[in-house]
Amino acid sequence: MSSRQELLDCLLETRQRREIRKSLTAWSCYRGFQPARHHQLIIDEIEAFLDSDDEVLLLFAPPGSAKSTYISVLFPSWYLARHPSHSILAATHSVEFAERWGRRVRNDIALEGRALGIELSQDNAAAARWSLVQGGEYYGVGAGTGISGFRADLGIGDDFFGSREDAWSELVRNKRWDWYVDDFSARLKPGAKRVIMNTRWHAEDIAGRVLEQMERGTVRGRVISIPAIAEALDDPIGRKPGDYLWDDPSGYNYAEFLRQRQRETSPMMWSALYQQRPSPEEGEYFRAAWLKPYDKPPARETLRIYGGSDYAVTADGGDFTCHVVVGLDPEGRMYLLDLWRKQTASDEWIEAFCDLVKQWKPLSWGEEQGQIRAGVGPYLDRRQRERQAYCAREPFPTRGDKAVRAQSIRGRMALDSLYVPVAASWYPAFRAELLSFPAGKHDDQVDALGLIGQLLDMMIPGSPPAKPERAKKPADYIQHRDPARAGDWVAYGMLGVIALEQLTAVLAVI
């Protein structure tokens, strides 16, 4: 019985070893971690990448989402279990963190070497640089430090920038990129793989420049970007638009951390760090200085309201429908009051359009002529009548490229700015799109705003608030309004006195 149990235990252990070496998910669970949906996506992408012909895998995720646990801690030991003779070059933003990750990987192997099927070599066991009896090696370095005498089969990059100050310094960015090209990448063997996981700090960080390499065809790669809040129907982990990442109130509750950070973080940094959509500091076509923040718009009765819409052709074609509402105050200043944006079918964006019309009561609404107007125009007209959402829709022909069509609103913003509600949930995406235009991925918000620009010729400023009318006093009814004729009233008064005296005298005689 004992021998049978021992045999059974041995078989189960062998099976477990095979499963661990085969699956990164199995290894993660074995180490006590239960991957959330975005962790499972990272795991799946890593496994698929290792079996592909791609050279680079870029993985973007918000800070605090436990990406380093899977990339810098669990992944290296699992990789070495599959490739015991391979070498890993792991880089992060500082030597301190390089030693931290290296120590954790080394300790996992020391503790679970039997399950992994590998063993640490005793003659080289420093925190950031150690080797295996099977011939594999691990070298952890801080970004910017020299690398010599080492060649790797796998390069792992985990947040090459540790602070905003570094990421926003052009000098540091350029030095870090030179180091990535001339030190980190140069130390990889032919056919080596690179897995780069980071939070996006800046449009020209290392990840941004690797993206440019991929677009030019310099390197072959794939990109997985996980935003803190889902924005599109094709969210990488299947969330609905508006859903927060790792929203598990009974567990780690990362979504609550995100909500707090969203309240505290500037729109620009929220877009970059948490939505993985960094925008240029200033912008080229639209300038950051043209966006003036406001907390509360002017009184509604002082504004003239206008709207514009960029309609998407299909609900699942990757395009957004966008409605924007702006108001002009008495001085002609333009306020962005509301914005609706979604990948959806025409019936939903038509209802959203009617909602905005009924709420804001705009004088005119700009839209493009063409396929959408011809296809859904009759239905839109009918819904406006049924819902009594009356508004004059002004169609404009589609001419020139997008930059040409946005020229009018660009000129107006350059002259008088655009006042924007920085606390609005949709503002970070709006700002990022404007400052990235025309090179950004999406331009529907710019297109909708551009239609506002085409309305400029017929737009008029708002009205100043009416002055409260003063309550009339009795004297107001006996005093003439024209000071020049005040003497007339005196004369009339004297005549009245004389007439009264004459009447009194006549009555006395009678």
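Quick notes on this one:
- The Cα atoms of the range 43-183 cover 47, 33, 29 Å along the three principal axes, with the biggest extent listed first.
- Prolate/oblate/rounded label for the range 364-463 (Cα gyration tensor, a/c 1.5): prolate
- Potential lengthening between ARG382 and ALA299 on full extension [0.36 nm per residue; Cα-Cα distance subtracted]: 26.7 nm
- Each of GLU96 and LYS175 was given a label point 7 Å from its Cα along the Cα-to-Cβ line. The distance between the two points is 1.8 nm.
- Axis of helix 254-264 versus longest Cα principal axis of the chain: the two differ by about 40°, to the nearest ten degrees.
- Long-range tail of P(r) for the range 8-110 (Cα pairs > 24 Å, %): 24
- For the range 207-287, dividing the convex hull volume of the Cα atoms by the residue count gives 135 Å³ per residue.
- Working note: Debye formula, equal point scatterers on the alpha-carbon atoms of the range 144-293, no solvent; log10 I(q)/I(0) at q = 0.14, 0.17, 0.18, 0.19 Å⁻¹ is -0.85, -1.13, -1.21, -1.28.
- For peptides 153-162, 46-55, sequence by mean Cβ density within 10 Å, most packed first: 153-162, 46-55
- For the listed residue pairs LYS22/LYS67; LYS358/LYS467; LYS193/LYS342, the alpha carbons are over 25 angstrom apart in LYS358/LYS467; LYS193/LYS342.
- Heavy-atom accessible surface of the range 157-315: percent carbon and sulfur, 1.4 Å: 47
- Taken per residue, the accessible surface of the chain reaches 50 Å², heavy atoms only and a 1.4 Å probe.
- Cβ-Cβ FRET estimate between LEU12 and GLU331, R0 fixed at 56 Å, reported to 0.05: 0.10
- Contact order relative to length of the chain, as percent, for alpha carbon pairs under 8 angstrom and 6 or more apart: 13
- For the range 235-324, radius of gyration divided by Kirkwood radius, i.e. Rg to Rh on alpha-carbons: 1.03
- Computed FRET value (nearest 0.05) for ALA186 with ASP123, which takes r as the C-beta separation and R₀ as 30 Å: 0.65
- Packing-based ranking, highest mean first, of 206-216, 241-251 given that Cβ atoms within 10 Å are counted: 206-216, 241-251
- FRET efficiency estimate (nearest 0.05) - Cβ-Cβ, LEU456 to LYS240, R0 60 angstrom: 0.95
- Largest first, the extents of the alpha carbon coordinates of the chain on the three principal axes equal 150, 55, 49 Å.
- Computed over the range 295-452: relative contact order in percent, which uses C-alpha pairs under 8 Å that are six or more apart: 29
- Rounded tilt (10° steps) of 95-116 against the dominant C-alpha axis of the chain: 50
- Whole-Å distance, taken between Cα centres, linking the range 219-242 and the range 328-373: 27
- Stretching the chain fully between ARG103 and ARG222 yields a gain of 39.9 nm (0.36 nm per residue, less the alpha carbon separation).
- On Cα atoms only, tilt of 371-387 relative to the major axis of the chain in degrees: 50
- Extension gain from ALA424 to HIS83, taking 0.36 nm per residue of separation minus the Cα-Cα distance: 117.8 nm
The values are calculated or read from the model by the stated rules, or taken from the named source; none is laboratory data. Note that the coordinates shown come from a computational prediction; the quantities given were computed from them, not determined experimentally. Don't worry about glycine lacking a Cβ; one is built from the backbone with ideal geometry, like all the others, and counts go over all protein chains shown. For accessibility, only protein heavy atoms count, side chains too; no ligands or nucleic acids. Shrake-Rupley method; radii C 1.70, N 1.55, O 1.52, S 1.80 Å.
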